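Notes follow once the structure below has been shown.
Bear in mind these aren't lab numbers, they're just calculated from the coordinates by the rules spelled out. Remember, it's a predicted structure, so these values are computed and weren't measured experimentally. Using ideal geometry, Cβ is built from the backbone for each residue, glycine included, and neighbour counts are taken over all protein chains shown.
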Amino acid sequence: MRKHKKRGKSPDYAGNAGIIATIAIAFAGVIVGSLSAYLGQKGADAAASASTNPVRVSSKIVDKAQIDREKLISRILAGEAPPERLTPPRSTNRLGAETEKPKIILIIDDLGIDRRASQKAIDLPGPITFSFLPYGKHTLDLSNAAHQRGAEIMLHLPMEPQGSADPGPKALLSGMTGAEFLRNLEWNLSRFGGYSGVNNHMGSKLTTDVAAMKTLLSYLNHKELFFLDSVTTSDTAVRRAAREIGVSVYSRDVFLDDVVGDPEEVKKQLALAERIARETGYVVVIGHPRRETLDVLGPWLTTASARGYELAYASALTTMGTSGPVQIASAPKIRF
Ligand SMILES: [Zn+2]
């Protein structure tokens, strides 16, 4: 999320230490990257059709689809009438029938700190993907409860922001050595289980660091976890890092509650999310366990399906055929 209360000062890093750490991180990235490439090949040989393996397609086609989708979204944001409509991604529902309803992927993150608010979020009608902070006092309990009830859960990974906001204990910082970075990453990943992927908590600084992102994405890929960029900065280098190491990543399109305390704003953002889903086939929405968000989401969730939308879990992004971006009607047919 973008807006957090300022709770402390971020540590200062000496210039030299930063450069050395960056080199160390880059080096660690190469090691982990090679390892994951090796394991990835083995995995592909063993189970070519495993649904958890991201589908590899030509990065040029993926990039074009992503760029076209982003252009369309920026036109929607600018209030322009869309000149073209992208075809929704084809997917298969539980009954095996093809469906082309616009998909809404709703993620509620920052869970595990406030028990009552987290519980209220988990009690909403789904499908909703719940993303828990590894250091949350109630994370283990509540993530187990949500997972046992069949919901998809994710890990909300604390990362260094710009400015002085505190991302929380054991956050990933750009001034760390490669060893520190991996130690903190492993600590975070070991706090609870059952999650299918990871999205960043804060991270407006760390996600601009290509070397650090390559290390992170290589590591997650090797653990068969997807990464969804919360996009807390427009300078995010996550996609570039992903392209350089050949893995798929996904991005948040709409924040529901950047304007705190205003239910009308949440409704406006939901309308925007619906429009992006209609025009591009799907939308990735992130909200937080705030009173106004949960109050608006309750009734919206109960009517979304009747209004023609399909709520989907975040992992649906990994099986959309073009590993995230939608297939455009005019794009060449993708062959696997
Ligand atoms: Zn967050």
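Where the centre of each part is set by its Cα atoms, how far does the stretch 257-327 sit from the stretch 124-192, in angstrom? Going from one Cα centre to the other spans 22 Å.
Evaluated with a Cβ-only charge set (Lys, Arg +1; Asp, Glu -1), the stretch 185-321 carries a dipole of roughly 280 debye about its Cα centre, given to the nearest 20.
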